[in-house]
Each structure stands twice: as structure tokens, then as C-alpha cells.
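See below for the structure under consideration.
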Ligand SMILES: [Zn+2]
């Protein structure tokens, strides 16, 4: 039996797709800041400098090392200060925060980004999810503050990125892997706190240098400018459970999907100080 000739696939005419049409023009509008500094997003610098001083001159109540390519958790009381230090070599970290008494209340990176900016600076706050929307912590010191916003629009400590994960890695490479901030955070909260994968949420990307390309607005990262001895500090505004992953991308000088040599990865040091 002779097979029928394959039916021709219809193609869309150019006019149907809008090609060749006169370009549409739009009226120019000035940018308007959406959330223009609600009072609760502005802290008294004096008050937080004092909280910092009281904690740092109090007791060091916890010191822990987050090993390279792993994650750890710890708790803080309201008023405690946490210092995270790049104590061996350039390294970025991914942080999660929960209300210690109610882990359903957790860090809301999207709203934090809208209330402050894409990259957090000293005296910005970390906000909790709806319906709570409360300050969980306040950023009080950054040894890298002078980096500012670079010529490509890159800056540090973003609340843009989600966290590296093995599902996206598979989407890019087609390969299975366990070795991401997401998998490290899941392992830490499951083993140390009895939480689940669903409790891990979008992060505060500390020491990471990121931005959006000017021409296509694509998310980019650069090798972190953090060096041995650099640190950030934040004060807890409620009792907190905190998790930190020492990202398996190390200083993020290598594109996601490519192999990251072990010597690009380092641990991070965590210290918690409490006022007397
Ligand atoms: Zn990561």
C-alpha cells in the first residue's frame, strides 16, 4: 500500500506574528519607587550600633564552622549578634531564617528586596513571610561595605538569587547530582532540626556579587571580592533558627553547571555574641 504524502506543516504568516508591522511606541513615564521606606524598614542607627556594642562586649555563646560544601544550623535569642566570617578563603554563603518558636514564619527574600533593594546594606532588615511581615534581623556591619555598586551594576549580599539546587543543575546539564546549597540546607534542617525540604526557602546570598545585565536583565554573578578575614554581622530581632550553606560554587567564579575545583571552596565561621 502506498503511503500518503506527509501533510505540509502550516507556518504562521509574518503578518499574523506581527512581523513587518509598524513598531509600537509608548509614552515615557518616570520610575517611581514602589515601597518608599516604610517607617519600620528604617532603624535607628544609634540603637543598632548600641545593640552591636552590647552584644560584642558581652559573651561569645556559640562558635561553629560550616565545613566547605556543607550547611549547619544554630539558634539565636532576640538581641544576639551573629558574625559570619570568611576565615580561610573567598567563599559565598546562602542563609535561611525561621522564627524559632514557629518555623512557618520564615524569611521572605522577595518582600525584603522590595522594601530595601536587591542587595542588602548595613541597617537593612530581613523580613518574614506573610501574614507576619516582621523584621527578623537587622544587618549591622559589613567589612565589604565599600564595594558598593560596581560598573556593571554588581553588588554584594543579594536577595535576588534563590539558592543553587540540583534540580536546576539537571535542567542545565542533564546530569544527576547531590551537592548544592539547597541539598545542603535540606540535609542540615532535616538532621539537626527535624524540618523538611519544604522548609528550605529563598536565601540571603552573603558575600556573593551579583546583578542583572544591562542589555537583557539576566542574572549574573562575579567572583566574590570577599577575602580571608572579611565578615558581616546581623542582630536578631526575634528568637531565630538560622541555617547557612557554604556554597559548593565556592567564590562563584565558575558558571553553574561547570565542575568546581575543591580549592575554590572554603568553610565559613559563625560566632554568636550575647549582651550581658
Ligand atoms: Zn550555592
Hey, does region 212-228 have a residue that's on the phi > 0 side of the Ramachandran plot and away from the ligand (no atom under 16 Å from the Cβ)? yes
Test residue 13 against the criterion of being modelled with pLDDT under 90 and loosely packed, with under 10 Cβ neighbours inside 10 Å, and give yes or no. yes
Under 6 Å between Cβ atoms, at least 6 apart or on separate chains: pull out the pairs that start in region 159-180 with a residue that is touching a residue at least 24 places away in the same chain (Cβ under 8 Å) and within 14 Å of residue 255 (Cβ to Cβ) and end on any residue that is assigned to a helix (DSSP H, G or I) and within 13 Å of the ligand (Cβ to nearest atom). 164/181
If you go through region 158-184, how many residues are surrounded by 14 or more Cβ atoms within 10 Å (Cβ to Cβ) and more than 14 Å from the ligand (Cβ to nearest atom)? 1
State the number of residues belonging to region 43-82 that are within 24 Å of residue 133 (Cα to Cα) and in contact (Cβ under 8 Å) with a residue 12 or more places away in the chain. 16
Run residue 196 past the list (1) modelled with pLDDT of 95 or more; (2) within 14 Å of the ligand (Cβ to nearest atom) and report the number of the one that doesn't hold. (2)
Go through region 77-109 and count every residue that is away from the ligand (no atom under 16 Å from the Cβ) and under 13 Å from residue 233 (Cα atoms). 6
Taking region 229-276 and keeping only residues that are within 25 Å of residue 104 (Cα to Cα), within 16 Å of the ligand (Cβ to nearest atom) and not in a strand (DSSP E or B), one is left with 247
Testing residue 206 on (1) more than 24 Å from residue 143 (Cβ to Cβ); (2) crowded, with 24+ Cβ neighbours inside 10 Å, one condition comes back false. Which one is that? (1)
Just to check your reading of the model, which residue among 53, 35 is over 29 Å from residue 199 (Cα atoms) and either assigned to a loop (DSSP other than H, G, I, E, B) or modelled with pLDDT of 95 or more (or both)? 53
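The values are calculated or read from the model by the stated rules, or taken from the named source; none is laboratory data. Computed from a predicted model, the values in this text were never measured in an experiment. Quick reminder, even Gly has a Cβ in these numbers, built from the backbone with ideal geometry, and neighbours come from all protein chains shown.
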